[in-house]
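A.B. asks: Take a look at this one; I'll ask things after.
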Amino acid sequence: MTMNEQLTEIWVFGDYRNYFQNRVTLQLLSRGVELAQKTGATVCAVVFGHEVDEWVGEYIAHGADRVLVIDHPELKQYKMETYVNLMVQLIEDLNPDIILIGATNFGREFAPRIAKRMQTGLSADCVGLDINEDGIMVQTAPSFGGNVLAEIITPECRPQMATIRPGTFQEIPHNYERTGEVVKLELPDNLPEERVKLVQSERSTQRFQRIEEAKVVVCGGRGMGSKKKFRKLAELAALMNAEIGATRPVIYANWIESEALIGQAGKNIKPKVLFSFGISGAIQHTAAIKNAEFIIAVNKNPKAPMMAMADIAIVADANQVCTAMIKELKRRIR
Amino acid sequence: MVSELPWDPKTGTLKRALVDGMINPACRHALEAALILKNEHPTEITVITMGPPIAEEVLREALAMGADRGILISDSKIAGADTLATSKILADAIKTACPDFDLVLCGCHTSDSETAQVGPQITEELNVPGIAYVDQLELNNRSLRIQRLSDGFTETLDMPLPGLITVTTQQNAPRYISLSGLEDAFSEADITCLDLNDIGLNSGLTGSDRSPTRILRVYSPVTEKDNTVMRGSAGKIVQQLFDQFDDKIGGAIGKDIKEHQS
């Protein structure tokens, strides 16, 4: 193990596809800046695409010291194999110490392929990042059935890589006075052809939820009882201008689409008020809601971990309380 | 609940030998997708898993669902493998047991660690095209057309075979296992057990040696608040909740929920 390793460069992958809905790249730049301050490293965003000047400017305004850009019509749409090839070539040329990638669907497919090519370690869907006294990045990720957190390091191989759950860190407010170095690179002409062909790509007709930013979230778990009963949460959420979240078992049971997943492989939230219905509270889920300001949990089991972290623990049937809330809100709101 | 989990606090790794051998949910959907493909395109389905001897139960369950043969990679040297090491072992097992494969299907993630990394890493190791988080698939002339929901986009993609996909739990609901199928799977199952030597990984390196990651510690974060507990009938609780916290809740939802005297 290298003792007191001096970091020189932290890279953040510029995942701009849902820039306005998903701020994970900005959140990683922000954490990158904090980690860099401990070690004197620079923070560098890596952007592939076409006509991406807007994102390059945004990344500098949000903390990047440097942006590596490959701008080419060929890169207009995200292409997995091509992006992997480009990233691997850049890593081999420039030897970054750390690469942070948002745990979006794309990022979670992209990162392991890069790590495999580089024969280095990768932790998944982290909820914490730090630098230890040896200058090594400590990556905190939920693990083992979602009941514990694990601190993971990659002591020897480089780069150290992690995917990070959206919503884990706070972005730095933009400052358009900030300046940074923009390094424009050519698209290499020896790139292998993409084997997977994109036939069609459309924004999903489902409204893209901005649950990470929502002030009020209504979250439901298996304790709601059935798909039909779970749907009542939508009525309650509509009355409160709230977004709906769900736990893993609910997604598995197909009561709601996977976009609603709160927790590991899903989203982190920080609402002012969180209503939690019929959720027992595996850490996969609770790690994602720990920044909620005020939690009202409903569960038949007073000893459920979710009840212990709630401000108000209601010992009752989740479905009945949901129904009663709808009725009472309709009466009160005028 | 942590005490019930078979993880070893010294090494921070899961004692998989103690976890019951049930097919991981996403892998069950992957197998179902394979069985549906086989209906229209006759082929042989091989199920491969890696783990302690008890993992054979997973293969029997898969055979009962309709897979043709099972391969168990079991070796005491596997212990401590991270995703990079696991993907190497599984890819080498595929090369040994199914050198002429057309399609590899994986569950998009396991329910124990949910890294979702092994599938994409096997893709790289096999050097074939690959697509993760597949919801629907359809095979036409050695080209697989898939649909998936990725970061808010509905994507349609074409992938030539041979290739690898990882399958979500959104489609391909697994079939029920018939009793006769289950009996057959236990009486005349075609299961082969291979160790690392058999798949050409005889360098003496352990799973842990092959893994660039190390686990420093594993802990259970405890969050206990000094909270208010409410009990009683749903209607009464809700009244009380809205009376007591009308400002807080009303403020957050942007509506006046104060009880008005009428």
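A.B. asks: Against the conditions (1) more than 7 Å from chain B (Cβ to nearest Cβ); (2) without any contact (Cβ under 8 Å) to a residue 40 or more places away in the chain; (3) within 15 Å of A:Phe230 (Cα to Cα), where does A:Cys322 fall short? Just the number, please.
C.D. replies: (2)
A.B. asks: Would you pick out the residues in segment B:45-67 that are over 21 Å from B:Cys108 (Cα atoms) and in contact with a Lys or Arg (Cβ under 9 Å, 6 or more places away or on another chain)?
C.D. replies: Passing the criteria: B:Pro52, B:Ile54.
A.B. asks: Here's another thing I want to ask about it. Considering only segment B:57-89, state which residues are of a type in the set (Val, Ile, Thr), closer than 20 Å to B:Asp209 by Cβ, assigned to a helix (DSSP H, G or I) and under 18 Å from the mean Cα position of the chain (by Cα).
C.D. replies: Within segment B:57-89, B:Thr83, B:Thr86, B:Ile89 qualify.
A.B. asks: With the condition being of a type outside the set (Lys, Arg) and at the interface with another protein chain (Cβ under 9 Å from one of its Cβ atoms), I'd like the strands (runs of 3 or more DSSP E) fully within segment A:77-147 carrying at least 3 qualifying residues.
C.D. replies: The strands (runs of 3 or more DSSP E) meeting that bar are A:122-126, A:137-143.
A.B. asks: Still on this model: Hey, can you tell me all the residues within segment A:15-59 that are more than 14 Å from chain B (Cβ to nearest Cβ), assigned to a loop (DSSP other than H, G, I, E, B) and modelled with pLDDT of 90 or more?
C.D. replies: A:Ala41, A:His50, A:Glu51, A:Val52
A.B. asks: Restricted to segment A:148-174, and to residues that are facing chain B (nearest Cβ under 9 Å) and of a type in the set (Asp, Glu), which residue is surrounded by the fewest Cβ atoms within 10 Å (Cβ to Cβ)?
C.D. replies: The residue in question is A:Glu156.
A.B. asks: Sort out which residues of segment B:235-262 are part of a helix (DSSP H, G or I), modelled with pLDDT under 90 and among the small types (Gly, Ala, Ser), and write them in order of number.
C.D. replies: Those that are part of a helix (DSSP H, G or I), modelled with pLDDT under 90 and among the small types (Gly, Ala, Ser): B:Gly250, B:Gly251, B:Ala252.
A.B. asks: Is it true that some residue in segment A:211-218 is closer than 21 Å to A:Met307 by Cα, among the basic types (Lys, Arg) and either touching a Phe, Trp or Tyr at 6+ places or on another chain (Cβ under 8 Å) or more than 8 Å from chain B (Cβ to nearest Cβ) (or both)?
C.D. replies: No, there is no match, as no residue in segment A:211-218 is closer than 21 Å to A:Met307 by Cα, among the basic types (Lys, Arg) and either touching a Phe, Trp or Tyr at 6+ places or on another chain (Cβ under 8 Å) or more than 8 Å from chain B (Cβ to nearest Cβ) (or both).
A.B. asks: Between B:Arg217, B:Arg210, which is farther than 30 Å from B:Ile71 by Cα and at pLDDT 85 or above?
C.D. replies: That would be B:Arg217, the only listed residue that is farther than 30 Å from B:Ile71 by Cα and at pLDDT 85 or above.
A.B. asks: A further question on this structure: Considering only segment B:97-109, state which residues are more than 8 Å from chain A (Cβ to nearest Cβ), within 19 Å of B:Ala81 (Cβ to Cβ) and of a type outside the set (A, V, I, L, M, F, W, C). If you could, list the steps in order and put the result at the bottom.
C.D. replies: Going through segment B:97-109, the residues more than 8 Å from chain A (Cβ to nearest Cβ) turn out to be B:97-108.
Within this subset, residues satisfying the condition of being within 19 Å of B:Ala81 (Cβ to Cβ) are B:97, B:104, B:106-107.
Passing the criteria: only B:Gly107.
A.B. asks: Moving on to the next point. Name every residue in segment A:314-334 that is in a loop (DSSP other than H, G, I, E, B), among the hydrophobic types (A, V, I, L, M, F, W, C) and at pLDDT 90 or above, in order of residue number.
C.D. replies: A:Ala316
A.B. asks: Given the criterion over 21 Å from B:Lys38 (Cβ atoms) and either in contact (Cβ under 8 Å) with a residue 60 or more places away in the chain or in the same structural domain as B:Ala62 (by TED's automatic domain parsing) (or both), identify the matching residue among B:Val104, B:Val118, B:Val167.
C.D. replies: Only one candidate qualifies: B:Val118.
A.B. asks: Quick one: would you say A:Leu329 is at negative phi, facing another protein chain (nearest Cβ under 9 Å) and surrounded by fewer than 23 Cβ atoms within 10 Å (Cβ to Cβ)?
C.D. replies: Judged against the criteria, A:Leu329 is a match.
Conditions (1) touching a Lys or Arg at 6+ places or on another chain (Cβ under 6 Å); (2) among the small types (Gly, Ala, Ser); (3) crowded, with 23+ Cβ neighbours inside 10 Å; (4) touching a residue at least 40 places away in the same chain (Cβ under 8 Å), marked per residue:
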site: A:Met240; (1), (2), (3), (4): no, no, yes, yes
site: A:Pro249; (1), (2), (3), (4): yes, no, no, no
site: A:Ile256; (1), (2), (3), (4): no, no, no, no
site: A:Ile279; (1), (2), (3), (4): no, no, yes, yes
site: A:Met307; (1), (2), (3), (4): no, no, yes, no
site: A:Ala310; (1), (2), (3), (4): no, yes, yes, no
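A.B. asks: Evaluate segment B:188-201: report whether one residue or more is over 30 Å from B:Arg69 (Cβ atoms), buried (at least 17 other Cβ atoms within 10 Å of the Cβ), modelled with pLDDT of 90 or more and out of contact with any Leu (no Cβ under 8 Å at 6 or more places or on another chain).
C.D. replies: In the first step, residues of segment B:188-201 are kept if they are over 30 Å from B:Arg69 (Cβ atoms); the result is none.
No, segment B:188-201 contains no residue that is over 30 Å from B:Arg69 (Cβ atoms), buried (at least 17 other Cβ atoms within 10 Å of the Cβ), modelled with pLDDT of 90 or more and out of contact with any Leu (no Cβ under 8 Å at 6 or more places or on another chain).
A.B. asks: Another question about this same structure. Pick from B:Leu149, B:Leu126: which is out of contact with any Leu (no Cβ under 8 Å at 6 or more places or on another chain), of a type in the set (A, V, I, L, M, F, W, C), within 11 Å of chain A (Cβ to nearest Cβ) and free of Cβ contacts under 8 Å to residues at least 40 places away in the same chain?
C.D. replies: B:Leu149
A.B. asks: Determine whether segment B:93-110 contains at least one residue that is surrounded by 20 or more Cβ atoms within 10 Å (Cβ to Cβ) and of a type in the set (Lys, Arg).
C.D. replies: No, segment B:93-110 contains no residue that is surrounded by 20 or more Cβ atoms within 10 Å (Cβ to Cβ) and of a type in the set (Lys, Arg).
A.B. asks: Just give me the residues in segment B:152-177 being more than 20 Å from B:Val118 (Cβ to Cβ), more than 19 Å from the chain's Cα centre (by Cα) and more than 10 Å from chain A (Cβ to nearest Cβ), in sequence order.
C.D. replies: Of everything in segment B:152-177, those that are more than 20 Å from B:Val118 (Cβ to Cβ), more than 19 Å from the chain's Cα centre (by Cα) and more than 10 Å from chain A (Cβ to nearest Cβ) turn out to be B:Leu161, B:Ile177.
A.B. asks: Suppose we filter B:Asp92, B:Asp112 for residues that are over 21 Å from B:Leu144 (Cα atoms), within 14 Å of another protein chain (Cβ to nearest Cβ) and outside any helix (DSSP H, G or I); which single one remains?
C.D. replies: B:Asp112
A.B. asks: In contact (Cβ under 8 Å) with a residue 60 or more places away in the chain and either touching a helix residue (DSSP H, G or I) at 6+ places or on another chain (Cβ under 7 Å) or more than 8 Å from chain A (Cβ to nearest Cβ) (or both) - does that describe any residue in segment B:222-242?
C.D. replies: No: segment B:222-242 contains no residue that is in contact (Cβ under 8 Å) with a residue 60 or more places away in the chain and either touching a helix residue (DSSP H, G or I) at 6+ places or on another chain (Cβ under 7 Å) or more than 8 Å from chain A (Cβ to nearest Cβ) (or both).
A.B. asks: Among the candidates B:Ile36, B:Ile23, B:Ile54, B:Ile48, single out the residue that is closer than 27 Å to B:Glu138 by Cβ, free of Cβ contacts under 8 Å to residues at least 60 places away in the same chain and not in a strand (DSSP E or B).
C.D. replies: Being closer than 27 Å to B:Glu138 by Cβ, free of Cβ contacts under 8 Å to residues at least 60 places away in the same chain and not in a strand (DSSP E or B) holds for just one of B:Ile36, B:Ile23, B:Ile54, B:Ile48, which is B:Ile23.
A.B. asks: Please go through segment A:255-313 and pick out each residue that is among the polar types (S, T, N, Q), part of a loop (DSSP other than H, G, I, E, B) and at the interface with another protein chain (Cβ under 7 Å from one of its Cβ atoms).
C.D. replies: A:Gln264
The values are calculated or read from the model by the stated rules, or taken from the named source; none is laboratory data. Predicted model, so just to flag it, every value in this text is computed and none were measured. FYI the Cβ positions are ideal-geometry reconstructions off the backbone, even for glycines, and counts take in every protein chain you see.
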